[in-house]
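Read through the structure below, which is laid out as structure tokens, and then see the notes.
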Amino acid sequence: MARLLDLGVDFEHWCFACGRLNPSGLRLDFDVSTNSATARYTGLQRHQGYDGTLHGGVVTALLDETMGWAIFHQGIWGVTAKINVTFKRPVPLGEELVVTGEVLRDRGRGIETKGTLARAADGDVLAEATALFLRMPEGQRAELEQHYSRTDEAFARVREAVAAETAGQEHART
């Protein structure tokens, strides 16, 4: 797995899920590999729904962002067109969680993903999601790439790290 922050991906922006400038945000960092992304998060009181539980909207944001990074770290700029979340159990505050997103199918303009949110201690799945992401039109992508400077350089380093990991795994199998 390649850690995005270590590879120079710029998180100095206001995104609620991954931005470092948002004092109320989740401040996620991601480990990525081919077609997947994983983040760790511990629920904070300011993100609470009912007493002691993480708000369902925050659970959805965790899943959405992680599924998005499963495609975004590959240099694909997309937006969520549809998301379906299944809440299996209340998500407790103060416990480390593992959120995983992976690409199921790339259908050209649309990319199908799935995500899970599990308790780190025992792997118990607390929520699951599926989503459809749509690739951004080139004009919008170019505008965002200018706004988030040096993304091409960072994503090139990410692709190299993921490729090296994949090559190492294939070498180990032979």
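The values are calculated or read from the model by the stated rules, or taken from the named source; none is laboratory data. None of the values given here were measured: they were computed from a predicted structure. Virtual Cβ from ideal backbone geometry, glycine too; neighbours counted across all protein chains shown.
The residue list 128, 112, 65 contains one member that is in contact with a Cys (Cβ under 7 Å, 6 or more places away or on another chain), closer than 29 Å to residue 162 by Cβ and either touching a residue at least 12 places away in the same chain (Cβ under 8 Å) or buried (at least 21 other Cβ atoms within 10 Å of the Cβ) (or both), which is 65.
Annotation note: of 97, 134, the sole residue that is in contact (Cβ under 8 Å) with a residue 40 or more places away in the chain, surrounded by 18 or more Cβ atoms within 10 Å (Cβ to Cβ), in a strand (DSSP E or B) and within 17 Å of the chain's Cα centre (by Cα) is 97.
On the stretch given as region 41-63, residues that are on the phi > 0 side of the Ramachandran plot and in a strand (DSSP E or B) total 0. Scanning region 3-16 finds one or more residues that are among the basic types (Lys, Arg), farther than 25 Å from residue 134 by Cβ and surrounded by fewer than 23 Cβ atoms within 10 Å (Cβ to Cβ).
Of the listed requirements (1) under 21 Å from residue 39 (Cβ atoms); (2) modelled with pLDDT under 95; (3) of a type in the set (Gly, Ala, Ser); (4) assigned to a loop (DSSP other than H, G, I, E, B), residue 149 misses just one: (1). Among the conditions (1) part of a loop (DSSP other than H, G, I, E, B); (2) modelled with pLDDT under 85; (3) of a type outside the set (Val, Ile, Thr), the only one that residue 26 does not satisfy is (2).
Against the test of being in a helix (DSSP H, G or I) and either farther than 27 Å from residue 124 by Cβ or not charged (D, E, K, R) (or both), the options 86, 80, 38, 66 yield a single qualifying residue, 66.
Screening residue 40 against (1) over 30 Å from residue 170 (Cα atoms); (2) under 16 Å from the mean Cα position of the chain (by Cα) leaves a single unmet condition, (1).
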